[in-house]
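The values are calculated or read from the model by the stated rules, or taken from the named source; none is laboratory data. Here the structure is a predicted model, which is why all the values come from computation and not from measurement. Cβ placement follows ideal geometry from the backbone for every residue including glycine, while neighbour counts extend to all protein chains displayed. All accessible areas refer to the heavy atoms of the entire protein, side chains included, with ligands and DNA or RNA removed. Shrake-Rupley method; radii C 1.70, N 1.55, O 1.52, S 1.80 Å.
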Amino acid sequence: TSAQIGVTGLAVMGRNLARNFARNGYAVAVHNRTASKTRELMDEFGQEGDFVAAESAEDFVAALERPRRLVVMVKAGDPTDAVIREFAPLLEHGDVIIDGGNAHFADTRRRERELREHGIHFVGTGISGGEEGALHGPSIMPGGSDESYASLGPMLEKISAKAADGAPCVTHVGPDGAGHFVKMVHNGIEYADMQLIAEAYHLLREVAGFSPARIAEIFRTWNTGRLDSYLIEITAEVLSHVDAATGEPFVDVVADQAEQKGTGRWTVQIALELGLPVSGIAEAVFARSLSGHTALRAASRGLAGPTPAPLGESEAAAFADQVEQALYASKIVSYTQGFHEIATGSAEYGWNIDLGAVAAIWRAGCIIRAAFLDRVRAAYDARPDLPSLLSDEAFAREIAAAQDDWRAVLVAATRQGVPTPGFSAALTYYDTLRADRLPAALTQGQRDYFGAHTYRRTDREGVFHTLWSGDRSEVPV
Ligand code: 6PG
(Lines give C-alpha, C1' and ligand atoms only; values in the text may rest on other atoms or scores of the structure.)
Protein backbone atom coordinates (compact mmCIF):
# COMPACT_ATOMS: atom_id res chain seq x y z
CA THR A 1 0.00 0.00 0.00
CA SER A 2 1.25 3.43 -0.77
CA ALA A 3 -0.69 6.47 0.30
CA GLN A 4 -0.48 9.76 -1.56
CA ILE A 5 -0.83 11.77 1.62
CA GLY A 6 -0.72 11.17 5.35
CA VAL A 7 -2.43 12.92 8.23
CA THR A 8 -1.08 12.69 11.76
CA GLY A 9 -3.14 14.18 14.58
CA LEU A 10 -6.68 12.89 14.33
CA ALA A 11 -8.62 15.29 16.53
CA VAL A 12 -11.65 16.63 14.75
CA MET A 13 -9.80 18.92 12.31
CA GLY A 14 -7.25 16.28 11.35
CA ARG A 15 -9.85 13.56 11.08
CA ASN A 16 -12.09 15.65 8.85
CA LEU A 17 -9.20 16.72 6.66
CA ALA A 18 -8.14 13.08 6.23
CA ARG A 19 -11.72 12.18 5.29
CA ASN A 20 -11.81 15.06 2.82
CA PHE A 21 -8.67 13.76 1.07
CA ALA A 22 -10.10 10.21 1.04
CA ARG A 23 -13.49 11.33 -0.27
CA ASN A 24 -11.65 13.05 -3.10
CA GLY A 25 -10.09 9.78 -4.16
CA TYR A 26 -6.68 9.98 -2.51
CA ALA A 27 -5.18 7.11 -0.57
CA VAL A 28 -4.64 8.55 2.92
CA ALA A 29 -2.39 7.22 5.65
CA VAL A 30 -3.70 8.11 9.09
CA HIS A 31 -1.82 8.20 12.37
CA ASN A 32 -2.34 9.45 15.88
CA ARG A 33 -0.14 9.46 18.98
CA THR A 34 -2.73 7.38 20.81
CA ALA A 35 -3.73 4.66 18.38
CA SER A 36 -7.30 4.38 19.68
CA LYS A 37 -8.14 7.60 17.74
CA THR A 38 -6.86 5.99 14.55
CA ARG A 39 -9.00 2.90 15.16
CA GLU A 40 -12.04 5.10 15.84
CA LEU A 41 -11.58 6.84 12.51
CA MET A 42 -11.25 3.50 10.72
CA ASP A 43 -14.32 2.07 12.48
CA GLU A 44 -16.53 5.07 11.84
CA PHE A 45 -15.34 6.31 8.47
CA GLY A 46 -13.06 3.65 7.05
CA GLN A 47 -15.64 2.94 4.33
CA GLU A 48 -15.50 6.44 2.95
CA GLY A 49 -12.31 5.89 1.01
CA ASP A 50 -8.86 4.41 0.79
CA PHE A 51 -7.35 4.75 4.28
CA VAL A 52 -4.15 3.16 5.53
CA ALA A 53 -4.11 3.02 9.33
CA ALA A 54 -0.64 3.27 10.85
CA GLU A 55 0.04 2.56 14.50
CA SER A 56 3.66 3.68 14.66
CA ALA A 57 5.48 6.65 13.20
CA GLU A 58 7.64 4.22 11.21
CA ASP A 59 4.62 2.48 9.70
CA PHE A 60 3.07 5.83 8.90
CA VAL A 61 6.14 7.09 7.05
CA ALA A 62 6.58 3.75 5.29
CA ALA A 63 3.00 3.91 4.01
CA LEU A 64 3.63 7.12 2.07
CA GLU A 65 4.68 7.31 -1.56
CA ARG A 66 7.67 9.52 -2.33
CA PRO A 67 8.10 12.43 -2.10
CA ARG A 68 6.17 11.93 1.11
CA ARG A 69 3.43 14.39 1.98
CA LEU A 70 2.68 14.44 5.65
CA VAL A 71 0.02 16.69 7.14
CA VAL A 72 0.48 17.53 10.82
CA MET A 73 -2.75 18.49 12.59
CA VAL A 74 -1.74 18.89 16.22
CA LYS A 75 -2.03 21.77 18.66
CA ALA A 76 0.12 24.72 17.66
CA GLY A 77 3.29 25.29 19.70
CA ASP A 78 5.34 22.61 21.45
CA PRO A 79 3.24 19.67 20.18
CA THR A 80 4.14 20.67 16.62
CA ASP A 81 7.85 20.70 17.44
CA ALA A 82 7.49 17.33 19.15
CA VAL A 83 5.88 15.81 16.06
CA ILE A 84 8.60 17.26 13.83
CA ARG A 85 11.29 15.84 16.11
CA GLU A 86 9.64 12.46 15.88
CA PHE A 87 9.13 12.36 12.11
CA ALA A 88 11.97 14.39 10.60
CA PRO A 89 14.61 11.66 11.22
CA LEU A 90 12.42 9.20 9.32
CA LEU A 91 12.06 11.44 6.25
CA GLU A 92 14.21 11.85 3.18
CA HIS A 93 15.34 14.60 0.87
CA GLY A 94 12.37 16.17 -0.95
CA ASP A 95 9.69 15.02 1.49
CA VAL A 96 7.10 17.59 2.57
CA ILE A 97 5.72 18.29 6.04
CA ILE A 98 2.52 20.33 6.02
CA ASP A 99 1.61 22.04 9.28
CA GLY A 100 -2.11 22.74 9.13
CA GLY A 101 -2.45 24.17 12.65
CA ASN A 102 -2.78 27.79 13.69
CA ALA A 103 0.98 28.20 14.16
CA HIS A 104 2.66 31.53 14.77
CA PHE A 105 4.34 32.49 11.50
CA ALA A 106 7.65 33.14 13.28
CA ASP A 107 7.67 29.51 14.46
CA THR A 108 6.88 28.45 10.92
CA ARG A 109 9.81 30.47 9.58
CA ARG A 110 12.12 28.82 12.09
CA ARG A 111 10.86 25.31 11.37
CA GLU A 112 11.06 25.86 7.63
CA ARG A 113 14.67 27.04 7.92
CA GLU A 114 15.72 24.13 10.14
CA LEU A 115 14.07 21.48 7.98
CA ARG A 116 15.35 23.01 4.75
CA GLU A 117 18.87 22.28 5.97
CA HIS A 118 17.91 18.61 5.89
CA GLY A 119 16.31 18.87 2.45
CA ILE A 120 12.80 18.61 3.89
CA HIS A 121 10.11 21.05 2.77
CA PHE A 122 8.04 22.55 5.55
CA VAL A 123 4.77 24.07 4.45
CA GLY A 124 3.07 26.17 7.13
CA THR A 125 -0.53 26.15 5.97
CA GLY A 126 -3.45 28.21 7.20
CA ILE A 127 -6.66 26.23 7.08
CA SER A 128 -9.91 27.99 7.75
CA GLY A 129 -13.48 26.84 7.94
CA GLY A 130 -13.72 24.96 11.18
CA GLU A 131 -14.75 21.30 11.34
CA GLU A 132 -17.27 21.55 8.52
CA GLY A 133 -14.79 23.32 6.28
CA ALA A 134 -12.10 20.71 6.91
CA LEU A 135 -14.52 18.02 5.79
CA HIS A 136 -16.36 19.68 2.92
CA GLY A 137 -13.81 22.19 1.66
CA PRO A 138 -11.79 24.73 3.63
CA SER A 139 -9.99 27.83 2.46
CA ILE A 140 -6.30 26.88 2.40
CA MET A 141 -3.32 29.22 2.78
CA PRO A 142 -0.06 27.34 2.18
CA GLY A 143 3.36 28.93 2.51
CA GLY A 144 6.66 27.16 1.82
CA SER A 145 8.72 26.56 -1.28
CA ASP A 146 7.57 26.63 -4.92
CA GLU A 147 8.77 23.04 -5.25
CA SER A 148 6.56 21.84 -2.40
CA TYR A 149 3.57 23.63 -3.85
CA ALA A 150 4.12 21.96 -7.20
CA SER A 151 3.67 18.57 -5.55
CA LEU A 152 0.97 19.62 -3.12
CA GLY A 153 -1.05 22.28 -4.95
CA PRO A 154 -3.22 19.99 -7.10
CA MET A 155 -4.30 17.96 -4.06
CA LEU A 156 -5.09 21.06 -2.02
CA GLU A 157 -7.04 22.50 -4.93
CA LYS A 158 -9.10 19.35 -5.07
CA ILE A 159 -10.07 19.31 -1.38
CA SER A 160 -10.53 23.08 -1.00
CA ALA A 161 -13.74 25.07 -1.10
CA LYS A 162 -14.71 26.46 -4.49
CA ALA A 163 -15.75 30.07 -4.99
CA ALA A 164 -18.97 30.87 -6.88
CA ASP A 165 -16.97 31.09 -10.12
CA GLY A 166 -15.57 27.61 -9.50
CA ALA A 167 -12.07 28.77 -8.51
CA PRO A 168 -10.46 26.64 -5.77
CA CYS A 169 -9.94 28.54 -2.52
CA VAL A 170 -6.23 27.86 -2.27
CA THR A 171 -3.21 29.72 -3.55
CA HIS A 172 0.50 29.48 -2.88
CA VAL A 173 0.58 32.52 -0.61
CA GLY A 174 4.36 32.88 -0.54
CA PRO A 175 7.52 31.34 0.92
CA ASP A 176 8.16 30.11 4.49
CA GLY A 177 5.72 31.69 6.97
CA ALA A 178 3.57 33.61 4.47
CA GLY A 179 0.65 31.17 4.72
CA HIS A 180 0.47 31.26 8.49
CA PHE A 181 0.88 35.04 8.49
CA VAL A 182 -2.09 35.41 6.16
CA LYS A 183 -4.12 32.96 8.27
CA MET A 184 -3.25 35.03 11.34
CA VAL A 185 -4.55 38.19 9.70
CA HIS A 186 -7.62 36.26 8.52
CA ASN A 187 -8.33 35.53 12.16
CA GLY A 188 -7.70 39.17 13.15
CA ILE A 189 -10.23 40.23 10.54
CA GLU A 190 -12.54 37.48 11.84
CA TYR A 191 -12.33 39.02 15.31
CA ALA A 192 -13.09 42.48 13.87
CA ASP A 193 -16.03 41.21 11.81
CA MET A 194 -17.44 39.43 14.87
CA GLN A 195 -17.00 42.51 17.05
CA LEU A 196 -18.72 44.78 14.52
CA ILE A 197 -21.63 42.36 14.25
CA ALA A 198 -21.84 42.18 18.04
CA GLU A 199 -21.97 45.97 18.24
CA ALA A 200 -24.69 46.12 15.59
CA TYR A 201 -26.70 43.63 17.65
CA HIS A 202 -26.08 45.57 20.85
CA LEU A 203 -27.27 48.82 19.25
CA LEU A 204 -30.39 47.19 17.83
CA ARG A 205 -31.13 45.75 21.25
CA GLU A 206 -30.31 48.73 23.47
CA VAL A 207 -30.98 51.75 21.28
CA ALA A 208 -33.74 50.43 19.01
CA GLY A 209 -35.19 48.20 21.74
CA PHE A 210 -35.63 45.17 19.43
CA SER A 211 -35.90 41.55 20.62
CA PRO A 212 -33.27 38.97 19.62
CA ALA A 213 -35.85 37.32 17.33
CA ARG A 214 -36.52 40.60 15.54
CA ILE A 215 -32.81 41.33 15.28
CA ALA A 216 -32.32 37.87 13.76
CA GLU A 217 -34.82 38.87 11.07
CA ILE A 218 -32.90 42.08 10.42
CA PHE A 219 -29.64 40.13 10.02
CA ARG A 220 -31.41 37.76 7.63
CA THR A 221 -32.43 40.72 5.51
CA TRP A 222 -28.93 42.15 5.61
CA ASN A 223 -27.63 38.79 4.52
CA THR A 224 -29.42 39.17 1.19
CA GLY A 225 -27.51 42.38 0.44
CA ARG A 226 -23.95 43.62 0.41
CA LEU A 227 -23.29 42.19 3.90
CA ASP A 228 -24.03 38.66 2.63
CA SER A 229 -21.58 36.50 4.60
CA TYR A 230 -21.22 33.38 6.69
CA LEU A 231 -20.81 35.34 9.92
CA ILE A 232 -24.02 37.36 9.33
CA GLU A 233 -25.83 34.14 8.47
CA ILE A 234 -24.81 32.33 11.66
CA THR A 235 -25.52 35.46 13.70
CA ALA A 236 -29.18 35.22 12.65
CA GLU A 237 -29.17 31.54 13.62
CA VAL A 238 -27.66 32.21 17.04
CA LEU A 239 -30.02 35.13 17.73
CA SER A 240 -33.15 33.21 16.83
CA HIS A 241 -32.16 30.21 18.95
CA VAL A 242 -34.21 29.73 22.12
CA ASP A 243 -32.72 28.04 25.18
CA ALA A 244 -34.54 24.76 25.79
CA ALA A 245 -34.09 24.80 29.57
CA THR A 246 -35.47 28.30 30.22
CA GLY A 247 -37.39 29.27 27.11
CA GLU A 248 -35.32 32.44 27.05
CA PRO A 249 -33.39 33.70 24.00
CA PHE A 250 -30.15 31.71 23.93
CA VAL A 251 -28.14 34.93 23.75
CA ASP A 252 -29.60 35.98 27.12
CA VAL A 253 -28.53 32.86 29.00
CA VAL A 254 -24.93 32.67 27.74
CA ALA A 255 -22.28 34.25 29.99
CA ASP A 256 -21.16 37.48 28.31
CA GLN A 257 -17.42 36.80 28.47
CA ALA A 258 -15.77 36.23 25.11
CA GLU A 259 -12.74 33.97 24.99
CA GLN A 260 -9.86 33.72 22.57
CA LYS A 261 -7.11 31.34 21.66
CA GLY A 262 -4.55 33.91 20.55
CA THR A 263 -4.48 34.44 16.81
CA GLY A 264 -6.30 37.78 17.05
CA ARG A 265 -3.86 38.92 19.70
CA TRP A 266 -0.93 37.91 17.48
CA THR A 267 -2.33 39.98 14.64
CA VAL A 268 -2.25 43.02 16.90
CA GLN A 269 1.15 42.21 18.44
CA ILE A 270 2.76 41.89 15.02
CA ALA A 271 1.01 45.04 13.85
CA LEU A 272 2.46 46.92 16.80
CA GLU A 273 5.91 45.59 15.96
CA LEU A 274 5.52 46.61 12.32
CA GLY A 275 4.14 50.02 13.35
CA LEU A 276 0.73 49.36 11.83
CA PRO A 277 -2.53 50.86 13.00
CA VAL A 278 -4.95 47.93 13.04
CA SER A 279 -7.16 49.74 15.54
CA GLY A 280 -10.36 47.88 14.63
CA ILE A 281 -8.77 44.48 15.18
CA ALA A 282 -7.11 45.73 18.38
CA GLU A 283 -10.44 46.96 19.73
CA ALA A 284 -11.98 43.60 18.94
CA VAL A 285 -9.27 41.85 20.97
CA PHE A 286 -9.63 44.36 23.82
CA ALA A 287 -13.42 44.02 23.79
CA ARG A 288 -13.07 40.26 24.32
CA SER A 289 -10.60 40.69 27.15
CA LEU A 290 -12.58 43.46 28.85
CA SER A 291 -15.71 41.31 28.74
CA GLY A 292 -13.82 38.69 30.74
CA HIS A 293 -12.80 41.06 33.55
CA THR A 294 -15.75 40.06 35.66
CA ALA A 295 -14.53 41.51 38.97
CA LEU A 296 -13.74 44.84 37.36
CA ARG A 297 -17.10 44.86 35.64
CA ALA A 298 -18.94 44.01 38.87
CA ALA A 299 -17.11 46.78 40.70
CA SER A 300 -18.08 49.26 37.97
CA ARG A 301 -21.74 48.39 37.62
CA GLY A 302 -22.95 51.33 39.70
CA LEU A 303 -21.19 53.96 37.59
CA ALA A 304 -23.42 56.69 36.16
CA GLY A 305 -24.80 56.43 32.62
CA PRO A 306 -27.05 58.63 30.52
CA THR A 307 -30.81 58.89 31.01
CA PRO A 308 -32.47 56.31 28.76
CA ALA A 309 -34.20 57.80 25.73
CA PRO A 310 -35.99 54.93 23.94
CA LEU A 311 -36.75 55.34 20.24
CA GLY A 312 -40.27 55.17 18.84
CA GLU A 313 -41.14 52.37 16.40
CA SER A 314 -40.57 54.29 13.17
CA GLU A 315 -37.37 55.87 14.49
CA ALA A 316 -36.18 52.42 15.51
CA ALA A 317 -36.79 50.99 12.05
CA ALA A 318 -34.90 53.88 10.45
CA PHE A 319 -32.12 53.39 12.99
CA ALA A 320 -31.72 49.75 11.90
CA ASP A 321 -31.02 50.94 8.35
CA GLN A 322 -28.42 53.34 9.68
CA VAL A 323 -26.76 50.54 11.62
CA GLU A 324 -26.43 48.56 8.40
CA GLN A 325 -24.59 51.51 6.87
CA ALA A 326 -22.33 51.84 9.92
CA LEU A 327 -21.57 48.13 9.93
CA TYR A 328 -20.72 48.08 6.25
CA ALA A 329 -18.50 51.18 6.42
CA SER A 330 -16.69 49.81 9.48
CA LYS A 331 -16.20 46.50 7.70
CA ILE A 332 -14.48 48.26 4.82
CA VAL A 333 -12.13 49.87 7.34
CA SER A 334 -11.36 46.53 9.07
CA TYR A 335 -10.40 44.95 5.78
CA THR A 336 -8.39 48.03 4.87
CA GLN A 337 -6.38 47.55 8.06
CA GLY A 338 -6.04 43.79 7.67
CA PHE A 339 -4.83 43.99 4.08
CA HIS A 340 -2.45 46.77 5.08
CA GLU A 341 -0.93 44.34 7.57
CA ILE A 342 -0.58 41.63 4.92
CA ALA A 343 1.01 44.08 2.47
CA THR A 344 3.43 45.29 5.14
CA GLY A 345 4.31 41.76 6.31
CA SER A 346 4.85 40.78 2.69
CA ALA A 347 7.27 43.67 2.12
CA GLU A 348 9.03 43.11 5.45
CA TYR A 349 9.67 39.40 4.84
CA GLY A 350 10.00 39.50 1.06
CA TRP A 351 6.97 37.29 0.43
CA ASN A 352 5.55 39.06 -2.61
CA ILE A 353 1.97 38.23 -1.62
CA ASP A 354 -0.73 38.80 -4.22
CA LEU A 355 -3.46 40.58 -2.22
CA GLY A 356 -6.09 39.95 -4.88
CA ALA A 357 -5.35 36.22 -4.71
CA VAL A 358 -5.70 36.28 -0.92
CA ALA A 359 -9.10 37.97 -1.17
CA ALA A 360 -10.07 35.43 -3.84
CA ILE A 361 -9.34 32.38 -1.65
CA TRP A 362 -11.31 33.89 1.22
CA ARG A 363 -14.46 34.03 -0.90
CA ALA A 364 -15.52 30.55 0.20
CA GLY A 365 -14.64 27.94 2.81
CA CYS A 366 -13.27 30.22 5.51
CA ILE A 367 -14.99 31.84 8.46
CA ILE A 368 -14.91 35.35 6.96
CA ARG A 369 -16.26 34.20 3.58
CA ALA A 370 -18.48 36.89 2.13
CA ALA A 371 -19.75 38.39 -1.09
CA PHE A 372 -17.71 41.43 -0.06
CA LEU A 373 -14.44 39.57 -0.71
CA ASP A 374 -15.18 39.39 -4.40
CA ARG A 375 -15.20 43.19 -4.34
CA VAL A 376 -11.89 43.26 -2.47
CA ARG A 377 -10.42 40.86 -5.01
CA ALA A 378 -11.64 43.06 -7.87
CA ALA A 379 -10.09 46.15 -6.26
CA TYR A 380 -6.65 44.54 -5.94
CA ASP A 381 -6.81 42.80 -9.30
CA ALA A 382 -7.54 46.14 -10.95
CA ARG A 383 -4.70 47.81 -9.04
CA PRO A 384 -2.25 45.42 -7.36
CA ASP A 385 -0.39 48.44 -5.92
CA LEU A 386 -3.51 49.96 -4.36
CA PRO A 387 -2.14 51.89 -1.35
CA SER A 388 -5.24 51.06 0.68
CA LEU A 389 -8.69 49.62 0.12
CA LEU A 390 -10.02 53.09 0.93
CA SER A 391 -8.29 54.38 -2.19
CA ASP A 392 -10.40 52.08 -4.31
CA GLU A 393 -12.98 54.30 -5.96
CA ALA A 394 -15.92 51.99 -5.45
CA PHE A 395 -15.25 51.52 -1.72
CA ALA A 396 -14.58 55.24 -1.25
CA ARG A 397 -17.93 55.99 -2.89
CA GLU A 398 -19.75 53.53 -0.63
CA ILE A 399 -18.21 54.99 2.49
CA ALA A 400 -19.10 58.47 1.30
CA ALA A 401 -22.70 57.33 0.95
CA ALA A 402 -22.66 55.63 4.38
CA GLN A 403 -20.84 58.21 6.43
CA ASP A 404 -23.79 60.36 7.58
CA ASP A 405 -25.59 57.31 8.94
CA TRP A 406 -22.35 55.94 10.38
CA ARG A 407 -21.86 59.17 12.32
CA ALA A 408 -25.53 59.28 13.37
CA VAL A 409 -25.26 55.76 14.78
CA LEU A 410 -22.23 56.73 16.84
CA VAL A 411 -23.99 59.85 18.11
CA ALA A 412 -26.93 57.71 19.23
CA ALA A 413 -24.61 55.11 20.77
CA THR A 414 -22.74 57.77 22.69
CA ARG A 415 -25.94 59.46 23.83
CA GLN A 416 -27.36 56.15 25.07
CA GLY A 417 -24.12 54.90 26.55
CA VAL A 418 -23.76 51.82 24.35
CA PRO A 419 -20.09 50.94 23.78
CA THR A 420 -19.04 50.76 20.12
CA PRO A 421 -15.27 50.25 20.15
CA GLY A 422 -15.18 48.72 16.67
CA PHE A 423 -17.47 51.21 14.92
CA SER A 424 -15.73 54.11 16.66
CA ALA A 425 -12.21 52.92 15.91
CA ALA A 426 -13.15 52.48 12.28
CA LEU A 427 -14.61 55.96 11.95
CA THR A 428 -11.62 57.44 13.78
CA TYR A 429 -9.25 55.70 11.38
CA TYR A 430 -11.24 57.03 8.43
CA ASP A 431 -11.37 60.59 9.74
CA THR A 432 -7.68 60.49 10.61
CA LEU A 433 -6.65 59.37 7.16
CA ARG A 434 -8.73 61.96 5.35
CA ALA A 435 -7.66 64.88 7.57
CA ASP A 436 -5.60 67.66 6.00
CA ARG A 437 -3.79 68.40 9.22
CA LEU A 438 -3.40 66.25 12.31
CA PRO A 439 -2.59 67.36 15.85
CA ALA A 440 0.53 65.22 15.53
CA ALA A 441 2.26 68.56 14.91
CA LEU A 442 1.46 69.54 18.49
CA THR A 443 2.71 66.19 19.75
CA GLN A 444 6.01 66.85 17.98
CA GLY A 445 6.15 70.29 19.61
CA GLN A 446 5.69 68.75 23.05
CA ARG A 447 8.34 66.13 22.40
CA ASP A 448 10.76 68.79 21.30
CA TYR A 449 9.89 70.89 24.37
CA PHE A 450 10.50 68.29 27.04
CA GLY A 451 13.08 66.11 25.39
CA ALA A 452 14.68 68.01 22.48
CA HIS A 453 13.35 65.24 20.26
CA THR A 454 13.34 67.60 17.24
CA TYR A 455 10.79 68.06 14.46
CA ARG A 456 10.55 68.59 10.73
CA ARG A 457 8.86 71.59 9.09
CA THR A 458 6.23 71.78 6.40
CA ASP A 459 8.02 74.51 4.49
CA ARG A 460 11.71 73.49 4.54
CA GLU A 461 13.84 70.35 4.48
CA GLY A 462 15.82 69.43 7.58
CA VAL A 463 15.47 68.62 11.24
CA PHE A 464 14.98 71.37 13.82
CA HIS A 465 14.90 72.09 17.53
CA THR A 466 13.51 75.13 19.31
CA LEU A 467 15.44 76.44 22.33
CA TRP A 468 12.36 76.27 24.57
CA SER A 469 14.11 77.18 27.82
CA GLY A 470 16.26 79.84 26.14
CA ASP A 471 15.22 82.55 23.73
CA ARG A 472 12.94 80.17 21.78
CA SER A 473 14.89 80.62 18.60
CA GLU A 474 15.03 77.68 16.22
CA VAL A 475 18.23 75.82 15.46
CA PRO A 476 18.83 73.32 12.67
CA VAL A 477 20.00 69.96 14.01
C1 6PG B 1 -10.99 29.37 11.19
C2 6PG B 1 -11.06 29.88 12.59
C3 6PG B 1 -10.36 28.94 13.51
C4 6PG B 1 -10.71 29.17 14.96
C5 6PG B 1 -9.79 30.15 15.64
C6 6PG B 1 -10.42 31.32 16.34
O7 6PG B 1 -10.48 30.12 10.37
O8 6PG B 1 -11.47 28.28 10.94
O9 6PG B 1 -10.43 31.13 12.67
O10 6PG B 1 -9.01 28.97 13.24
O11 6PG B 1 -12.02 29.25 15.24
O12 6PG B 1 -9.10 29.33 16.51
O13 6PG B 1 -10.49 31.06 17.66
P14 6PG B 1 -10.59 32.00 18.92
O15 6PG B 1 -11.83 32.84 18.77
O16 6PG B 1 -10.75 30.98 19.99
O17 6PG B 1 -9.34 32.78 19.05
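Check off (1) away from the ligand (no atom under 16 Å from the Cβ); (2) under 16 Å from the mean Cα position of the chain (by Cα); (3) open to solvent by 60 Å² or more (accessible area, probe 1.4 Å) for residue 252 and give me the number that stays unchecked.
Looking at each condition in turn, residue 252 falls short on (2).
Being at pLDDT 95 or above and touching a strand residue (DSSP E or B) at 6+ places or on another chain (Cβ under 8 Å) narrows it down to one of 82, 22, so name that one.
22
Given the criteria surrounded by fewer than 24 Cβ atoms within 10 Å (Cβ to Cβ), away from the ligand (no atom under 16 Å from the Cβ) and assigned to a loop (DSSP other than H, G, I, E, B), does residue 46 qualify?
Values: surrounded by fewer than 24 Cβ atoms within 10 Å (Cβ to Cβ): yes; away from the ligand (no atom under 16 Å from the Cβ): yes; assigned to a loop (DSSP other than H, G, I, E, B): no.
For residue 46, the condition - surrounded by fewer than 24 Cβ atoms within 10 Å (Cβ to Cβ), away from the ligand (no atom under 16 Å from the Cβ) and assigned to a loop (DSSP other than H, G, I, E, B) - is not met.
Would you mind stating whether residue 151 is touching a residue at least 12 places away in the same chain (Cβ under 8 Å) and either within 15 Å of the ligand (Cβ to nearest atom) or closer than 29 Å to residue 234 by Cα (or both)?
Working: touching a residue at least 12 places away in the same chain (Cβ under 8 Å): yes; either within 15 Å of the ligand (Cβ to nearest atom) or closer than 29 Å to residue 234 by Cα (or both): no.
No.
Condition test on residue 201, is it within 16 Å of the chain's Cα centre (by Cα), among the hydroxyl-bearing types (Ser, Thr, Tyr) and in a helix (DSSP H, G or I)?
On the way: within 16 Å of the chain's Cα centre (by Cα): no; among the hydroxyl-bearing types (Ser, Thr, Tyr): yes; in a helix (DSSP H, G or I): yes.
No; evaluated as a whole, the condition is false for this residue.
Which of (1) open to solvent by less than 10 Å² (accessible area, probe 1.4 Å); (2) under 17 Å from residue 5 (Cα atoms); (3) in contact (Cβ under 8 Å) with a residue 60 or more places away in the chain; (4) touching a Ser or Thr at 6+ places or on another chain (Cβ under 7 Å) is the odd one out, the single condition residue 159 does not satisfy?
(4)
If you go through the stretch 171-198 one residue at a time, how many are open to solvent by less than 10 Å² (accessible area, probe 1.4 Å) and either more than 16 Å from the ligand (Cβ to nearest atom) or assigned to a loop (DSSP other than H, G, I, E, B) (or both)?
The qualifying residues number 4.
Out of the stretch 116-142, which residues are within 17 Å of residue 180 (Cα to Cα) and away from the ligand (no atom under 16 Å from the Cβ)? Spell out the reasoning first.
Taking the stretch 116-142 first, the residues within 17 Å of residue 180 (Cα to Cα) are 121-130, 134, 138-142.
Across the stretch 116-142, the qualifying residues are 121, 122, 123.
Being hydrophobic (A, V, I, L, M, F, W, C) and within 16 Å of the ligand (Cβ to nearest atom) is the filter here, so list the residues in the stretch 346-381 that pass it. I'd like the intermediate steps shown before the answer.
Residues of the stretch 346-381 hydrophobic (A, V, I, L, M, F, W, C): 347, 351, 353, 355, 357-362, 364, 366-368, 370-373, 376, 378-379.
358, 359, 361, 362, 364, 366, 367, 368, 370, 373, listed by residue number.
Give just the number: which of (1) open to solvent by less than 40 Å² (accessible area, probe 1.4 Å); (2) away from the ligand (no atom under 16 Å from the Cβ); (3) on the phi > 0 side of the Ramachandran plot does residue 209 not satisfy?
For residue 209, the failing item is (1).
This table checks each residue for (1) part of a helix (DSSP H, G or I); (2) open to solvent by less than 20 Å² (accessible area, probe 1.4 Å); (3) basic (Lys, Arg); (4) touching a helix residue (DSSP H, G or I) at 6+ places or on another chain (Cβ under 8 Å).
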| site | (1), (2), (3), (4) |
| --- | --- |
| 119 | no, yes, no, no |
| 123 | no, yes, no, yes |
| 126 | no, yes, no, yes |
| 134 | yes, yes, no, yes |
| 141 | no, yes, no, yes |
| 144 | no, yes, no, yes |
| 147 | yes, no, no, no |
| 151 | yes, no, no, no |
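Would you check if there is a residue in the stretch 382-395 being within 16 Å of the ligand (Cβ to nearest atom) and small (Gly, Ala, Ser)?
Taking every residue of the stretch 382-395 in turn, none turns out to be within 16 Å of the ligand (Cβ to nearest atom) and small (Gly, Ala, Ser).
Can you pull out the helices (runs of 4 or more DSSP H) entirely within the stretch 352-434 that have at least 3 residues that are within 30 Å of residue 308 (Cβ to Cβ), at pLDDT 95 or above and hydroxyl-bearing (Ser, Thr, Tyr)? Steps first, please.
Working: elements: 355-361, 372-382, 393-416, 421-434.
Passing ranges, in order: 421-434.
Give just the number: which of (1) over 30 Å from residue 77 (Cα atoms); (2) without any contact (Cβ under 8 Å) to a residue 40 or more places away in the chain; (3) within 16 Å of the ligand (Cβ to nearest atom) does residue 245 not satisfy?
(3)
Can you list the helices (runs of 4 or more DSSP H) lying wholly within the stretch 259-350 that have 3 or more residues being open to solvent by 70 Å² or more (accessible area, probe 1.4 Å) and either within 26 Å of residue 204 (Cα to Cα) or at pLDDT 95 or above (or both)? Steps first, please.
Details: elements: 263-274, 279-291, 294-300, 313-349.
It comes to 263-274, 294-300, 313-349.
Restricting the stretch 424-462 to residues that are of a type in the set (S, T, N, Q) and either open to solvent by less than 90 Å² (accessible area, probe 1.4 Å) or in contact with a Lys or Arg (Cβ under 8 Å, 6 or more places away or on another chain) (or both), which is nearest to residue 387 (Cα to Cα)?
At the first step, the residues of the stretch 424-462 found to be of a type in the set (S, T, N, Q) are 424, 428, 432, 443-444, 446, 454, 458.
After this cut, where a residue has to be either open to solvent by less than 90 Å² (accessible area, probe 1.4 Å) or in contact with a Lys or Arg (Cβ under 8 Å, 6 or more places away or on another chain) (or both) as well, the list is 424, 428, 432, 443-444, 454.
Working: 424: 23, 428: 19, 432: 16, 443: 26, 444: 26, 454: 29 Å.
The qualifying residue nearest to residue 387 (Cα to Cα) is 432.
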